[in-house]
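Visitor: One structure coming up, written as structure tokens, with questions to follow.
The values are calculated or read from the model by the stated rules, or taken from the named source; none is laboratory data. All figures in this text were calculated on a predicted structure; none of them were measured in a lab. Note: ideal-geometry Cβ built from the backbone for every residue, glycine included; neighbour counts use all protein chains shown. Accessible surface is based on the protein model in full, side chains and every heavy atom, while ligands, DNA and RNA are left aside. Shrake-Rupley method; radii C 1.70, N 1.55, O 1.52, S 1.80 Å.
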Amino acid sequence: MDTVKELLLLLVGSSLVSNVVLSQFLGLCPFLGVSKKTNTAAGMGAAVIFVITLASAVAGLIYKFILQPLEAEYLQTIVFILVIAALVQFVEMFLRKVIPSLYQSLGVYLPLITTNCAVLGVALTNVQKEYGILAGIVNGFATALGFTIAIIILAGIREKMEFNDIPESFKGMPTVLLTAGLMAIAFCGFSGLL
Amino acid sequence: MKNLLERLYNGMIKENPTFVLVLGMCPTLAVTTSAKNGLGMGLTTTVVLAMSNLIISALRKVIPSRVRIPAFIVIIATFVTCVELLLKAYLPDLNKALGVYIPLIVVNCIILGRAESYAYSHSMLPSLFDGIGMGLGFSLALTLIGAVRELLGAGTLFEMTVMPEGYVPINIFILAPGAFFVLAVLTAFQNYLKIRAKASGKEVRKPSGCGHDCASCAESGCSSRFYDEKAAEADTETEKEEER
């Protein structure tokens, strides 16, 4: 019972309290770049959930069964980045051949997350905080869920703001960053949750 | 010699990775809670950037173009691991403050961007100086942003109190939202300069590197493809032609 409770706490903590983009600044590039429309933002979010969950499972297994027995923990950065990059490419090819419908909706976003810092960040955090494999997977899923929540909210706000009268210099990226800052303030409110 | 100094100037001022190329925004926002952290992160990145540029440039004739991205990543990750171990041993405080962002230097698009756009096509010495210049430019920018945030958010500079006693620190600047606000104002200022340059009829040159704003960072070549299919296709075509 205890473990289920811990996993639930981890789920809430990683997705809302320490949100991956708004408080840890990981995965900012797709967050700012692919948030013009809610549809594409949702697609990106789904792709991120898929990749991060899978990557944290694979990275956890490799760390536990290959790196630790060989006492080669210091190689984690190199091994994780290569495994993640190869994994994303492999998933892309696999989806294209086997599930074309899913590939159509996720495929375009997959290459964008090959060397996304969020994916590597989650794998490294799992190791640093000494999560087990199951806790690592839950943490990965929760982090990606937090990313999806944040990017969909941002895309929603950006759609509403599209025709607003904004000073010339603040058009584009500055406004998006200000919006993200206000969202970060809102997400600070979750810190009382745990 | 003049050429080498030009590389330094280019990296620090003319094509400053943060202020002009707008690359590597994730670490910029995350570690600039104080000037000291910013400087530490900047110098760490400089070491990795200079060394990886040097080695990639030395190996540029050996690395086939179709697997160059994985090769770059392995070289960069090697140096990041070395630097991480050194920091753990000699500067444990800094290592603790920067945390997971040290290993994440691997995915910093400045490094992969310089490897792709400069080191892979230039000889060793200019590449080394390009790395040092870009790294110092990055350090300069991080230290400046860190100093502004620390000054407003805590009233200190390099941990020394500089603001008068009556100053109430605006805490939000060293918290997460402050990072977004500082960067927003910074990019707005940049836009302002660009608009003014355009109005006065100056040609706005698109800088080299893997993109010209943060949004294009993810879309541009430097992070998109692990295995370069286009290069592979081009390679097979030339092979076919050679067979003929």
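Visitor: Other chains' Cβ within 10 Å of A:186-192 residues: what's the mean?
Guide: 1
Visitor: Tell me the volume per residue, in Å³, of the convex hull enclosing the alpha carbons of the protein assembly as shown.
Guide: Dividing the Cα hull volume of the protein assembly as shown by its residue count gives 197 Å³.
Visitor: Would you list A:Phe170, B:Phe72, B:Phe79, A:Phe94 from the most to the least accessible area, probe 1.4 Å?
Guide: A:Phe94, A:Phe170, B:Phe79, B:Phe72
Visitor: Name the residue from A:Gly33, B:Ile195, B:Asn37 whose Cα lies farthest towards the positive end of the charge dipole of the protein assembly as shown, charges +1 on Cβ of Lys and Arg and -1 on Cβ of Asp and Glu.
Guide: Result: B:Ile195.
Visitor: Something else about it: Calculate the dipole size of the protein assembly as shown relative to its Cα centre from +1 charges on Lys and Arg beta carbons and -1 charges on Asp and Glu beta carbons; express the result in debye to the nearest 20.
Guide: Rounded to the nearest 20 debye, it is 640 debye.
Visitor: Put B:Arg68, A:Arg96 in order of accessible area, largest first, 1.4 Å probe: what do you get?
Guide: My answer, sorted largest first, is A:Arg96, B:Arg68.
Visitor: Distance check, please: which entries in A:Lys37/A:Lys171; A:Lys129/B:Lys96; A:Lys129/B:Lys88; A:Lys64/A:Lys97 exceed 19 angstrom between their Cα atoms?
Guide: A:Lys64/A:Lys97
Visitor: Can you send over the solvent-accessible area of B:Cys82, 1.4 Å probe, protein chains only, in Å² to the nearest 10?
Guide: 60 Å²
Visitor: Another one. Per the Kirkwood definition applied to all pairs of different Cα atoms, how many angstroms is the hydrodynamic radius of segment B:49-208?
Guide: Value: 18.5 Å, from the Cα pair sum.
Visitor: With a 1.4 Å probe and every protein chain left in place, tell me how much accessible area B:Asp130 has, in Å² to the nearest 10.
Guide: 0 Å²
Visitor: Per DSSP helix of 4 or more residues, -39500 (n - 2.57); summed, then divided by the residues of the protein assembly as shown. What does that give at 222 nm, rounded to the nearest 500?
Guide: Dividing the helical sum by the residues of the protein assembly as shown leaves -21500 deg cm²/dmol.
Visitor: While we're looking at this one, here's another question. Taking the C-alpha atoms of segment A:41-155, how large are the radius of gyration and the largest Cα-Cα span, Dmax, in Å?
Guide: 14.2, 45
Visitor: Would you mind checking the tilt of helix A:76-98 against the longest principal axis of the Cα atoms of chain A, expressed as 0 to 90 degrees and rounded to 10?
Guide: With both axes taken from Cα atoms, the answer is about 70 degrees.
Visitor: Could I ask something else about it? Taking every Cα atom in segment A:37-85, find the radius of gyration and the maximum pairwise distance Dmax, and write them in Å.
Guide: Both quantities, over Cα of segment A:37-85: 14.3, 47 Å.
Visitor: Putting +1 on Lys and Arg Cβ atoms and -1 on Asp and Glu Cβ atoms, find which of B:Pro27, B:Leu59, B:Val47 reaches farthest to the positive end of the dipole of segment B:1-74.
Guide: B:Leu59
Visitor: Now for a separate question. Using a 1.4 Å probe and counting only protein heavy atoms, arrange A:Lys129, A:Lys97 so the residue with the most accessible area comes first.
Guide: A:Lys97, A:Lys129
Visitor: Something else now. Compute the Rg/Rh shape ratio of segment B:34-92: radius of gyration over Kirkwood radius, all on alpha-carbon atoms.
Guide: On the Cα set of segment B:34-92, Rg over Rh gives 1.08.
Visitor: Let's test this: bin the Cα-Cα distances of chain A at 10 Å from zero up to the farthest pair and state each bin's percent.
Guide: Calculated P(r), rounded to whole percents: 9, 33, 33, 19, 5, 1, 0.
Visitor: Sticking with this one: Could you state the angle between the C-alpha long axis of helix A:38-62 and the longest principal axis of the C-alpha atoms of chain A, as a value from 0 to 90 degrees rounded to the nearest 10?
Guide: 20 degrees
Visitor: Run the 1.4 Å probe and let me know the accessible area of B:Met124, rounded to the nearest 10 Å².
Guide: 90 Å²
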